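K.L.:
Before anything else, here's the structure in question.
Nothing in this text is a laboratory measurement; each read-out follows from the coordinates by a stated rule. Fair warning: this is a prediction, and the values are worked out from it, not measured in the lab. In this analysis, Cβ positions are derived from the backbone assuming ideal geometry, glycine residues included, and neighbour counts consider all displayed protein chains.
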Protein chains: 2
Amino acid sequence: MKKILMCVPNISEGKDLDAVELVVDEVRQISGVTLLDYSWDQNHNRSVLTYLGDPQSVIEATKNMAAKALELIDMRNHQGSHPRIGAVDVVPFVPVRNMNIDETVAIAHQVGRFLGEQGVHVYYYAQASDKPERTTPSSVRKGQYEGLKDRLKDPTWYPDKGPTEFNPRAGATALGVRMPLIAFNVNLHTTDVSIAEQIAKAVRRISGGYQFVRAMGLSLEGQDLAQVSMDLDNYIKTPIHRVLETVRCEAARYGVSVAGCEFIGPVPLAALEECIRFYVQAHDFSVDQVIENSLLSLID
Amino acid sequence: MKKILMCVPNISEGKDLDAVELVVDEVRQISGVTLLDYSWDQNHNRSVLTYLGDPQSVIEATKNMAAKALELIDMRNHQGSHPRIGAVDVVPFVPVRNMNIDETVAIAHQVGRFLGEQGVHVYYYAQASDKPERTTPSSVRKGQYEGLKDRLKDPTWYPDKGPTEFNPRAGATALGVRMPLIAFNVNLHTTDVSIAEQIAKAVRRISGGYQFVRAMGLSLEGQDLAQVSMDLDNYIKTPIHRVLETVRCEAARYGVSVAGCEFIGPVPLAALEECIRFYVQAHDFSVDQVIENSLLSLID
């Protein structure tokens with residue numbers, strides 16, 4: 001089964017669209033990579049690229065993309081409303097298919113070494129980091145670009161790769177590995193938003209729920225429904241069905257039923273595999289049995 | 001979304017492997033087609049090819065494959081243990097992805113005209129036929145090759161395409177359109193096989209159950225389980241979840257629970273889509289959201 005790696009870098013340029021195109025071109029030029037999407041925001045002065053492909057091609061595309069961004073972006077001139085710490089601000093690697101976290105971390109570290117050699121201050125986050133508190137890009141980005149020079153004097157903030165002496169042009173990069181995120185909402189037959197809020201508290205990590213669930217309750221205006229809106233950050237360790245059944249169970253204590261659910265955006269086939277295994281009780285069901293999936297393996 | 005058509009022709013040659021390879025080569029030579037599998041059986045004196053791709057490429061591969069089989073196979077010399085009626089014995093087209101039955105039938109009829117022009121007696125079956133009794137290749141194959149000459153004198157057995165005068169070299173072809181078949185078994189916590197048999201009767205078409213379910217009950221030796229073994233012939237009109245929930249419900253009347261289920265062989269993503277919609281109550285969930293599926297669309 002073909003390995004597929006995704007990368008979703010955020011670069012600190014969203015105004016000079018010629019520059020953005022030149023950076024995106026570096027991805028386009030790698031034949032093993034598919035550019036799924038890219039977008040820019042002039043207020044944020046920031047662009048987000050999404051591409052995937054075989055790991056070696058994604059590594060190559062990411063190195064070339066980053067090198068071009070470092071060539072074109074000077075952080076000393078950067079202004080924008082979104083928090084940022086460097087020209088190649090965030091580089092998350094996402095194992096999409098037939099890859100585990102460990103091999104993805106090895107790839108992230110390989111790209112980290114490359115960026116370090118280019119003079120970038122590289123901070124690892126999430127699974128790429130051995131520091132448990134560095135869970136997100138924002139945990140790395142504290143104090144932003146403007147605070148970076150002073151922070152580099154603090155040994156606890158020495159970069160994982162790259163110089164300890166401030167590089168004012170490039171700034172730093174938050175480089176991480178994360179699972180594909182699944183945006184999953186459960187709509188409840190109630191207009192009482194506090195029920196959705198209670199359930200959100202029951203399932204989310206920060207208030208004692210599942211480790212890889214972020215959740216909030218909100219009301220769906222004009223629909224007589226309340227919603228538990230969730231991000232599932234690791235569908236293997238905290239699978240969809242377990243979260244849904246917990247929501248259902250907690251809703252039942254209020255006499256409230258589930259009206260429907262929705263996935264917002266992409267869902268990896270592997271996450272559905274576990275749903276099928278649970279609900280259909282097909283214990284040995286494998287994504288390898290899915291015709292479309294075997295087609296993908298054959299297109300190599 | 002890319003259209004994917006599958007074809008699973010059975011040809012009446014399984015002894016002369018050079019000939020089989022020459023026939024298979026015709027499929028290999030079409031660039032838009034992926035040969036998933038081929039196998040031969042010397043006792044049956046028969047080979048089965050499985051390939052898929054974009055519809056135009058599959059049409060081309062099928063025409064070339066059939067022409068080569070007609071060139072190499074002489075039915076007057078054919079002996080084998082499997083029922084057969086012609087050199088290109090059965091040609092089922094299976095819509096795999098983003099295709100409906102009507103457009104698949106149009107393709108089957110296009111290939112039927114081609115075979116008719118080559119002098120083959122073509123009989124349509126399943127969705128390709130307007131005769132409701134011609135549901136399977138075997139309904140077309142009654143009396144086999146040996147009975148074909150006489151049968152062609154009966155106006156009710158005039159072929160859909162091709163000559164009414166007997167072609168002894170080529171014989172006839174059963175040419176049909178069918179949905180991908182899903183082999184689905186439900187294992188029950190009972191050693192009483194009669195319970196599995198009763199449930200099989202409850203769900204299968206011939207005894208009053210679901211239109212597109214074939215089923216039988218059997219015992220799983222050494223596992224203290226009985227099994228309802230099923231073929232689901234149309235997962236859109238008779239979806240997996242409905243059959244499973246009916247089995248579950250019927251089993252409960254005997255105090256028997258479902259130990260587990262299994263899919264044997266390939267499953268189309270669209271069949272899982274409906275499972276997810278039902279069990280996760282994700283009413284609007286679409287295969288388009290599956291990352292692997294969008295990858296497939298992008299590889300064009």
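K.L.:
Where a ≥ b ≥ c are the square roots of the eigenvalues of the C-alpha gyration tensor, would you call region A:155-207 rounded, which needs a/c under 1.5, or, failing that, prolate if a/b is larger than b/c, or oblate?
P.N.:
Judged from the Cα gyration tensor, region A:155-207 comes out prolate (a/c at least 1.5, a/b above b/c).
K.L.:
Kindly write out, for region A:53-63 in residue order, the coupling ³J(HN,Hα) from the Karplus curve 6.51 cos²θ - 1.76 cosθ + 1.60 (θ = phi - 60°), rounded to whole Hz, with x marking Gly and Pro.
P.N.:
So the J values, rounded to whole Hz, are x, 5, x, 4, 5, 5, 4, 4, 4, 5, 4.
K.L.:
Determine the shape class of region B:4-177: with a ≥ b ≥ c the square roots of the Cα gyration tensor eigenvalues, call it rounded for a/c under 1.5, and otherwise prolate if a/b is greater than b/c, oblate otherwise.
P.N.:
Taking the square roots of the gyration eigenvalues as a ≥ b ≥ c, region B:4-177 is oblate.
K.L.:
With a 10 Å cut-off between alpha carbons and a GNM built on chain B, which of B:Asp54, B:Asp284, B:Asp130 moves the most?
P.N.:
B:Asp284
K.L.:
Which length gain, in nm to one decimal place, applies between B:Asn77 and B:Asn64 when the Cα-Cα distance is subtracted from 0.36 nm times their residue separation?
P.N.:
This chain segment gains 2.4 nm when fully extended.
K.L.:
Suppose every K and R has +1 on its Cβ and every D and E has -1 on its Cβ; what is the size of the dipole of region B:182-267 about the Cα centre, in Debye to the nearest 20?
P.N.:
Here the size comes out at about 400 debye.
K.L.:
Right, here's the next one. If each residue's Cβ is checked for other Cβ atoms within 10 Å, how do A:Ile240, A:Ile59, A:Ile264 rank with the fewest at the top?
P.N.:
Result, fewest neighbours first: A:Ile264, A:Ile59, A:Ile240.
K.L.:
Moving to a separate point now. Of the residues A:Val243, A:Val290, A:Val140, which exhibits the maximal mean-square fluctuation in a Gaussian network model of chain A defined by a 10 Å Cα contact cut-off?
P.N.:
A:Val290
K.L.:
Cut-off 10 angstrom, C-alpha nodes, Gaussian network model of chain A. Which of A:Asn77, A:Asn45, A:Asn185 fluctuates the most?
P.N.:
Ranking A:Asn77, A:Asn45, A:Asn185 by mean-square fluctuation puts A:Asn77 first.
K.L.:
I've got another one for you. Taking B:Lys142 as the anchor, which lysines have their alpha carbon closer than 19 Å to its alpha carbon, excluding any fewer than eight residues away along the same chain?
P.N.:
B:Lys131, B:Lys153, B:Lys161
K.L.:
Enumerate by residue number the trypsin sites (Lys or Arg not before Pro) in region B:222-300 meeting two conditions: DSSP loop (anything except H, G, I, E, B), and at most 16 other Cβ atoms within 10 Å of the site's Cβ.
P.N.:
B:Lys237, B:Arg253
K.L.:
With runs of 4+ DSSP H residues as the only contributors, calculate the mean residue ellipticity of chain B at 222 nm using -39,500 (n - 2.57) per run, divided by the residue total and rounded to the nearest 500.
P.N.:
-10500 deg cm²/dmol
K.L.:
Moving on to the next point. Of all GluC sites (Glu not before Pro) in region A:165-223, which ones are in loop regions per DSSP and have a Cβ with at most 12 other Cβ atoms within 10 Å?
P.N.:
A:Glu165, A:Glu221
K.L.:
Using only atoms on other chains, find how many Cβ atoms lie within 10 Å of each Cβ of peptide A:255-268 and report the average.
P.N.:
Per-residue shielding by partner chains comes out at 4.
K.L.:
Lys and Arg at +1, Asp and Glu at -1: add these up for the other residues within a Cβ distance under 13 Å of B:Lys63 and post the number.
P.N.:
Combined, the nearby Lys, Arg, Asp and Glu give -2.
K.L.:
Region A:128-167 to region A:52-103: how many Å between their Cα centroids?
P.N.:
Each part reduced to its Cα centre gives a spacing of 17 Å.
K.L.:
In straight Cα distance, which lysines are under 17 Å from B:Lys68, not counting same-chain residues fewer than 8 positions off?
P.N.:
In chain and number order, the partners are B:Lys15.
K.L.:
Stretch A:Gln198-A:Lys153 to full length: gain in nm at 0.36 nm per residue minus the Cα-Cα span?
P.N.:
Full extension of this stretch gives 11.8 nm more.
K.L.:
Taking amide H positions as placed in the peptide plane 1.01 Å from N, state which residues far from B:Leu175 in sequence (5 or more) or on other chains have amide H under 5 Å from it.
P.N.:
Counting only residues 5 or more places away or on other chains, the set is B:Val91, B:Tyr123, B:Tyr124, B:Tyr125.
K.L.:
Label chain A by shape, choosing from rounded, prolate and oblate, from the square roots a ≥ b ≥ c of the eigenvalues of the Cα gyration tensor; if a/c is under 1.5 it is rounded, and otherwise prolate applies when a/b is larger than b/c, oblate when it is not.
P.N.:
prolate
K.L.:
Further question on the same structure: Which ³J(HN,Hα) values, rounded to whole Hz and listed in residue order, are derived for region A:88-96 from phi using the Karplus coefficients 6.51, -1.76 and 1.60 in 6.51 cos²θ - 1.76 cosθ + 1.60 with θ = phi - 60°, glycine and proline given as x?
P.N.:
Listing the rounded values in order: 9, 5, 9, 10, x, 9, 10, x, 9 Hz.
K.L.:
Another one. Name the aspartates and glutamates eligible as straight-distance cross-link partners of A:Lys201: C-alpha to C-alpha under 12 Å, and not fewer than 8 places from it in the same chain.
P.N.:
Excluding near neighbours in sequence, the set is A:Glu250.
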